[in-house]
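Peer 1: My questions all concern the structure below.
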Amino acid sequence: MNEKMETVSLRASLAGFARLMEEALARKDSRIASGEWMHWRETRMPVEYLVAKAEECLAGLRAGLALGDAGKVTHEAVDLANFAMMIEDRKGRP
């Protein structure tokens, strides 16, 4: 993916979802700063770990759908999307 940022118009649903993704990542910032959690670009965090976390989120998403729990569905969908983004960002690196 080209690192050059282009201005694009986002659909309202996409913009809202991207905001939720950013909010979830921002909540981790203090844990990263304290060393409690490492940044996904750290080579000490294997891509396999990110894939496993994405699979956990997918299972949680399925559970939320089965329960009809809209809050859980949103939470897990956001986390799943963030892990997918992290995996894509790490492509080609261990």
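Peer 1: Does any residue in segment 44-66 that is surrounded by 12 or more Cβ atoms within 10 Å (Cβ to Cβ) come within less than 6 Å, Cβ to Cβ, of a residue that is part of a loop (DSSP other than H, G, I, E, B) six or more places away or on a different chain, and which pairs are these?
Peer 2: Met45/Met38; Val47/Arg90
Peer 1: What about Ala24, is it in contact (Cβ under 8 Å) with a residue 24 or more places away in the chain and in a helix (DSSP H, G or I)? Reasoning before the result, please.
Peer 2: Numbers: in contact (Cβ under 8 Å) with a residue 24 or more places away in the chain: yes; in a helix (DSSP H, G or I): yes.
So Ala24 passes the test.
Peer 1: Just to verify a result, which residue in segment 23-39, among those that are of a type outside the set (Gly, Ala, Ser) and surrounded by 11 or more Cβ atoms within 10 Å (Cβ to Cβ), is modelled with the highest pLDDT?
Peer 2: Among residues in segment 23-39 that are of a type outside the set (Gly, Ala, Ser) and surrounded by 11 or more Cβ atoms within 10 Å (Cβ to Cβ), the one modelled with the highest pLDDT is Leu25.
Residue by residue, here is whether (1) in a loop (DSSP other than H, G, I, E, B); (2) modelled with pLDDT under 95; (3) among the acidic types (Asp, Glu) holds:
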{"residue": "Glu6", "(1), (2), (3)": "yes, yes, yes"}
{"residue": "Ser9", "(1), (2), (3)": "yes, yes, no"}
{"residue": "Arg19", "(1), (2), (3)": "no, no, no"}
{"residue": "Arg41", "(1), (2), (3)": "yes, yes, no"}
{"residue": "Leu50", "(1), (2), (3)": "no, yes, no"}
{"residue": "Glu55", "(1), (2), (3)": "no, no, yes"}
{"residue": "Leu61", "(1), (2), (3)": "no, no, no"}
{"residue": "Leu65", "(1), (2), (3)": "no, no, no"}
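Peer 1: Another question about this same structure. Exactly one of (1) loosely packed, with under 13 Cβ neighbours inside 10 Å; (2) in contact (Cβ under 8 Å) with a residue 24 or more places away in the chain; (3) part of a loop (DSSP other than H, G, I, E, B) is unmet by Glu88. Its number?
Peer 2: (3)
The values are calculated or read from the model by the stated rules, or taken from the named source; none is laboratory data. Only a predicted model underlies this, so the values are computations on that prediction, with no experimental measurement involved. Positions of Cβ are generated from backbone atoms using ideal geometry, with glycine treated the same way; all protein chains shown enter the neighbour counts.
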